[in-house]
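Here's the structure we're looking at; comments come further down.
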Amino acid sequence: MAVYTDVPAEELNAFIAGYDVGRVLSYKGIAEGVENSNYLLHTERGYFILTLYEKRVAAADLPFFLGLMEHLAARGITCPQPVKARSGEILGTLCGRPAALVTFLEGMWMRRIDAKHCAAVGEALAKLHLAGEGFTLRRANALSVRGWRPLFDSCADRVDGVHHGLQDTIRHELDALEASWPSGLPSGVIHADLFPDNVFFLGDRLSGLIDFYFACNDMLAYDVVICLNAWCFEADFSYNVTKGRALLQNYAKVRPLTDAELDAMPLLARGAAMRFLLTRLVDWLNVPPGALVRPKSPQEYFRKLRFHQHAKSVHDYGIEARELA
C-alpha cells in the first residue's frame with residue numbers, strides 16, 4: 001500500500017456520499033507498499049480501506065481482483081470485501097482514478113516472523129489455492145517470465161548505479177530463466193504478492209489476507225516460492241531452514257505438491273527472486289516526486305537470487321521431497 005494521489009476532503013465526501021456508510025469522520029493515507037494509493041477511512045459505520053488504482057494497475061483487471069475477493073470469501077478465505085455503492089457498482093472514480101471501497105480487516109502484520117507464522121502462511125496459501133478453483137474470470141501474470149526482460153530493458157542503463165555489475169548478472173540470469181522456465185505444472189489463481197505486510201494476525205492466529213492486486217492465473221508452486229522468498233530469509237539475507245520447512249510442510253498438508261513441482265522449485269524460486277528484483281529496481285529508480293511512498297531496496301532480492309542460484313533441489317530448502325508429496 002502507498003499514497004501517490006492526494007484526495008481533497010470535498011472530493012472524498014462527494015464520493016462516499018454514494019455509499020451507505022455514513023459520513024466521513026476521518027481519513028489518513030497508508031504509506032506502506034508501492035502500488036496504489038490507499039487510505040484508512042473512518043465513517044459513522046466503521047472503518048474501511050479506500051483504494052485509488054494507479055498506473056500499474058489496469059482498469060480492465062479490476063473486475064478480476066474485486067470478483068476474486070468475493071469468490072474467496074464465499075469459500076471461507078478471510079479477505080477484504082468490496083463495498084457496493086447505492087447504485088450497485090463496486091468500482092467508481094475519484095480524483096480521476098478508478099477507486100473502490102473495501103471492508104477493513106482486524107489484525108496486524110508481523111514485524112518479527114518465526115516458524116509458527118510461516119506455518120500459518122503455508123496453510124493459508126494452500127487453502128487460497130483450493131478456494132480459487134471455480135473462479136471463472138482469468139488474468140494472465142504480466143509479471144512472469146515473459147514480462148521480466150521488458151522491465152529490465154526499461155532501466156538497464158541505470159542498474160549498475162544500484163550495484164556494480166548488476167546489469168550483466170541480470171542479463172545472464174534472464175537468458176537462463178527464459179531458456180528453462182517450466183510449463184505444465186498445476187496452475188490456478190495465485191495471490192502473487194503474499195508478503196508479511198499482506199497477512200494479518202491477531203496474536204499468533206492468522207486473521208486474514210489482503211492486497212489481491214497482483215492476483216492472476218499461474219503455476220501454484222510459483223506462489224509458494226514467492227512466499228519462501230518473502231517469509232523465510234533473515235535480515236542478513238540468509239535462508240532460515242526451520243521457517244522454510246514449516247511453510248512447505250503446512251502447505252503440503254492441505255495441498256500436496258507434485259514431484260514435478262518439487263523438481264522445479266529451485267528454478268521457480270530464482271524466477272520469483274528475479275521478478276521482485278526487477279520491479280523493485282524500477283520502483284527504486286522511478287519514484288514520483290512528492291509521493292508518500294517508501295521504495296523497497298532491490299539489494300534484498302539480489303542477495304536472495306544468489307542463494308537460489310546455488311540450490312540444486314528441494315533439499316536445499318530444508319526438506320525432503322517425500323515429506324511434501
With respect to Asp197, determine if the residue is surrounded by fewer than 18 Cβ atoms within 10 Å (Cβ to Cβ), at pLDDT below 95 and outside any loop (DSSP other than H, G, I, E, B).
yes
Give, as residue ranges, the helices (runs of 4 or more DSSP H) completely inside the stretch 207-325 that count at least 3 residues that are over 24 Å from His172 (Cα atoms) and touching a Phe, Trp or Tyr at 6+ places or on another chain (Cβ under 7 Å).
241-254
Considering residues of the stretch 256-307 that are at pLDDT below 90 and small (Gly, Ala, Ser) only, the residue nearest to the chain's Cα centre (by Cα)
Ser297
Which numbered condition Arg75 fails, given (1) at negative phi; (2) modelled with pLDDT under 95:
(2)
What about Cys118, is it surrounded by 14 or more Cβ atoms within 10 Å (Cβ to Cβ) and touching a Gly at 6+ places or on another chain (Cβ under 8 Å)?
yes
Condition set among the small types (Gly, Ala, Ser) and over 18 Å from Asp197 (Cβ atoms), scope the stretch 15-54, selection nearest to the chain's Cα centre (by Cα): answer is Gly46
Could you check, for the stretch 260-282, whether at least one of its residues is over 20 Å from Leu177 (Cβ atoms) and of a type outside the set (S, T, N, Q)?
no
Does Gly132 qualify as being in contact with a strand residue (DSSP E or B) (Cβ under 8 Å, 6 or more places away or on another chain), surrounded by 17 or more Cβ atoms within 10 Å (Cβ to Cβ) and not basic (Lys, Arg)?
yes
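Taking the stretch 234-248, which residues are over 17 Å from the mean Cα position of the chain (by Cα) and crowded, with 23+ Cβ neighbours inside 10 Å?
Answer for the stretch 234-248, where residues must be over 17 Å from the mean Cα position of the chain (by Cα) and crowded, with 23+ Cβ neighbours inside 10 Å: Lys243, Gly244, Ala246, Leu248.
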Among the residues that make up the stretch 306-313, is at least one of them of a type in the set (D, E, K, R) and surrounded by fewer than 24 Cβ atoms within 10 Å (Cβ to Cβ)?
yes
So which pairs qualify, if the first residue must be in the stretch 195-215 and free of Cβ contacts under 8 Å to residues at least 24 places away in the same chain and closer than 20 Å to Gly76 by Cβ, the second must be charged (D, E, K, R) and assigned to a loop (DSSP other than H, G, I, E, B), the Cβ gap must be under 9 Å, and the two must be at least 6 apart or on different chains?
none
Among (1) within 21 Å of Gly161 (Cα to Cα); (2) among the hydroxyl-bearing types (Ser, Thr, Tyr); (3) buried (at least 20 other Cβ atoms within 10 Å of the Cβ), where does Tyr251 come up short?
(1)
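The values are calculated or read from the model by the stated rules, or taken from the named source; none is laboratory data. The shown structure was predicted, so the numbers you read here are calculated from the model rather than taken from an experiment. Cβ: placed from backbone, ideal geometry, glycine included. Neighbour counts: every protein chain shown.
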